[in-house]
């Protein structure tokens with residue numbers, strides 16, 4: 001982690017709720033740059049439905065920061081509390097900010113996509129599900145239209161072959177901190193320059209739905225892998241084998257010509273979804289090897305552990321299809 005100027009004490013108001021912004025807030029707090037933190041109120045969570053603070057609220061309390069918990073960041077009291085800050089940082093906050101709150105200062109957002117592509121609620125997941133192997137995080141200006149502000153800085157992340165959307169989300173949160181701090185410092189120095197987005201290139205990253213928790217094995221092995229990993233951890237990818245529902249968590253892409261069928265006829269590979277051997281599943285092109293699954297009501301486990309005590313044989317089929325669900 002690089003060192004930065006210590007002359008910005010109390011210069012930043014941080015607005016956030018989700019874990020994407022936690023590492024950035026932690027570093028800002030360590031440097032003493034935070035004046036106030038704004039997050040959502042505590043919500044019931046867990047099996048006991050106990051009121052639980054957001055990740056950002058919990059971190060602010062732990063760090064002894066000035067914390068406001070509100071459903072309306074545009075409230076006059078909140079605006080007054082934020083008035084001292086020279087820069088507002090907004091990460092995974094989920095509230096539209098008023099011109100009054102933003103007036104007279106720079107507001108910087110971290111968005112994990114190569115804007116203007118994938119504007120919206122689920123940029124990492126949508127990009128991975130579309131087969132993208134690189135994800136770009138942007139430090140951008142908060143604008144009246146969603147994710148449409150000028151771009152201040154970009155950082156590219158290679159998607160690991162076994163990496164899930166949740167894991168990539170957490171890696172971007174950690175590894176984008178320097179980019180965000182450099183951007184914030186330039187803003188505090190009055191030296192921040194942004195590049196306007198090209199509106200004609202804009203695409204949407206719609207919020208994920210439970211009804212999307214499936215995969216089509218008729219697609220190529222690469223796209224099957226990308227979808228399964230893009231759906232993890234939520235809503236996940238549901239499937240069924242031998243009448244038992246499971247969730248596919250992690251898979252490997254396999255080239256069919258390299259698959260050793262152990263002397264068995266390769267014709268079983270012709271139907272997408274057929275188990276070729278072990279954890280190998282035929283796809284429209286190539287195959288995947290199932291690495292990790294989760295039985296309903298159970299823990300995540302290796303495919304080999306799942307198969308113990310179960311009769312999983314070559315030629316059986318794994319099915320996965322859209323289901324009507326209540327969101």
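Residues in region 158-181 that are surrounded by 15 or more Cβ atoms within 10 Å (Cβ to Cβ), touching a residue at least 40 places away in the same chain (Cβ under 8 Å) and closer than 26 Å to residue 194 by Cβ: 168, 169, 172, 173, 176, 177, 178, 179, 180, 181. Look at region 183-199: where a residue is free of Cβ contacts under 8 Å to residues at least 12 places away in the same chain, no partner that is in a helix (DSSP H, G or I) sits 6+ places away or on another chain with Cβ atoms under 7 Å. Only one of these conditions is not met by residue 197: (1) surrounded by 19 or more Cβ atoms within 10 Å (Cβ to Cβ); (2) assigned to a loop (DSSP other than H, G, I, E, B); (3) touching a helix residue (DSSP H, G or I) at 6+ places or on another chain (Cβ under 9 Å). Which number is it? In the conditions (1) surrounded by 19 or more Cβ atoms within 10 Å (Cβ to Cβ); (2) assigned to a loop (DSSP other than H, G, I, E, B); (3) touching a helix residue (DSSP H, G or I) at 6+ places or on another chain (Cβ under 9 Å), residue 197 misses (3) alone.
Residues 10, 48, 16: which one is modelled with pLDDT under 95, over 17 Å from residue 144 (Cα atoms) and surrounded by 13 or more Cβ atoms within 10 Å (Cβ to Cβ)?
Numbers: 48 fails: surrounded by 13 or more Cβ atoms within 10 Å (Cβ to Cβ); 16 fails: modelled with pLDDT under 95.
When all the criteria are applied, what remains is 10.
Checking 271, 291, 296 one by one, the residue that is at pLDDT 90 or above, surrounded by fewer than 20 Cβ atoms within 10 Å (Cβ to Cβ) and touching a helix residue (DSSP H, G or I) at 6+ places or on another chain (Cβ under 8 Å) is 291 and no other.
Condition check ((1) in a strand (DSSP E or B); (2) under 14 Å from the mean Cα position of the chain (by Cα); (3) within 30 Å of residue 255 (Cβ to Cβ)) across all residues:
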{"position": "146", "(1), (2), (3)": "no, no, no"}
{"position": "154", "(1), (2), (3)": "yes, no, no"}
{"position": "173", "(1), (2), (3)": "no, yes, no"}
{"position": "227", "(1), (2), (3)": "no, yes, yes"}
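Residue by residue through region 112-143, note down the ones that are farther than 21 Å from residue 232 by Cβ and touching a residue at least 24 places away in the same chain (Cβ under 8 Å). Full working, then the answer.
In the first step, residues of region 112-143 are kept if they are farther than 21 Å from residue 232 by Cβ; the result is 114-117, 119, 138-143.
Correct list: 114, 115, 116, 117, 119, 138, 139, 140, 141, 142.
Residues considered: 98, 63. Of these, the only one that is within 21 Å of residue 146 (Cβ to Cβ) and either in contact with a strand residue (DSSP E or B) (Cβ under 9 Å, 6 or more places away or on another chain) or free of Cβ contacts under 8 Å to residues at least 60 places away in the same chain (or both) is 98. Among the residues of region 53-78, the ones that are modelled with pLDDT under 95 and in contact with a helix residue (DSSP H, G or I) (Cβ under 8 Å, 6 or more places away or on another chain) come to 1 in all. Selection within region 19-45: residues that are loosely packed, with under 14 Cβ neighbours inside 10 Å and either in contact with a strand residue (DSSP E or B) (Cβ under 8 Å, 6 or more places away or on another chain) or part of a strand (DSSP E or B) (or both). The member of this set that is modelled with the highest pLDDT is 41.
When restricted to residues that are in contact with a strand residue (DSSP E or B) (Cβ under 9 Å, 6 or more places away or on another chain) and either surrounded by fewer than 21 Cβ atoms within 10 Å (Cβ to Cβ) or modelled with pLDDT under 95 (or both), region 251-268 contains 12. When residue 186 is tested against (1) in a strand (DSSP E or B); (2) buried (at least 18 other Cβ atoms within 10 Å of the Cβ), exactly one condition is not met: (1).
Among the residues of region 142-151, not a single one is crowded, with 19+ Cβ neighbours inside 10 Å, at negative phi, in the same structural domain as residue 22 (by TED's automatic domain parsing) and out of contact with any strand residue (DSSP E or B) (no Cβ under 6 Å at 6 or more places or on another chain).
The values are calculated or read from the model by the stated rules, or taken from the named source; none is laboratory data. If you're wondering where the values come from, they're calculated on a predicted model, not measured in any experiment. Ideal geometry is used to build each Cβ from the backbone, glycine not excepted, and the neighbour counts take in all protein chains shown.
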